[in-house]
Structure formats: structure tokens, C-alpha cells
1. Quick check: is even one residue across the range 49-60 modelled with pLDDT under 95 and over 23 Å from the mean Cα position of the chain (by Cα)?
2. Taking the criterion of being at negative phi, loosely packed, with under 10 Cβ neighbours inside 10 Å and not in a helix (DSSP H, G or I), would at least one residue in the range 77-87 satisfy it?
């Protein structure tokens, strides 16, 4: 998002205390950009949370016996990084 996207005006109702916090943090001409940035971050967070919830339980230990322990996972990541380093050189 961001950039020169088309905009649309929207009216929202917020608790007075929250409005005070926003006005304290964001300067007068920056309220829209403040909300845009905050909502972009929150939407990304929610999308990630939804993806994690949908994928929960997809990993089956019996399909990956080579990654049974934290040490196995560390070794796996280390091996991937070594291949990448070799490829870069």
C-alpha cells in the first residue's frame, strides 16, 4: 500500500481516550497517514495470524523424523545457510 493510492474518506467512532492518545502522538496534518500506517501493520499481523491458524497441525512429526529435536532444526538451518554461502562465492 502507501504511495499515491486512491483515497476514500471514512468516518469512524473511537473512544475519547484513544482519540487523545492519537492526537498526542500524531501531529495535526498527519492523522490520516498515522491511521494508514497503523492499519497496514495491523492488517499484516491479522493476515499472518489467520495463516498460522489455518496451518496449525499441518506439521506431522512422523513425516519429518530428521527434525525431531531443536538441535536437528539448527543443523538443518545451518546446512541451508552453508549452501547459500557456497552459491554466493
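1. There is at least one residue in the range 49-60 that is modelled with pLDDT under 95 and over 23 Å from the mean Cα position of the chain (by Cα).
2. no
The values are calculated or read from the model by the stated rules, or taken from the named source; none is laboratory data. As the structure is a prediction and not an experimental result, all values here were calculated from the model. Methodologically, a virtual Cβ is constructed for each residue, glycine included, from the backbone with ideal geometry; neighbour enumeration extends over all protein chains shown.
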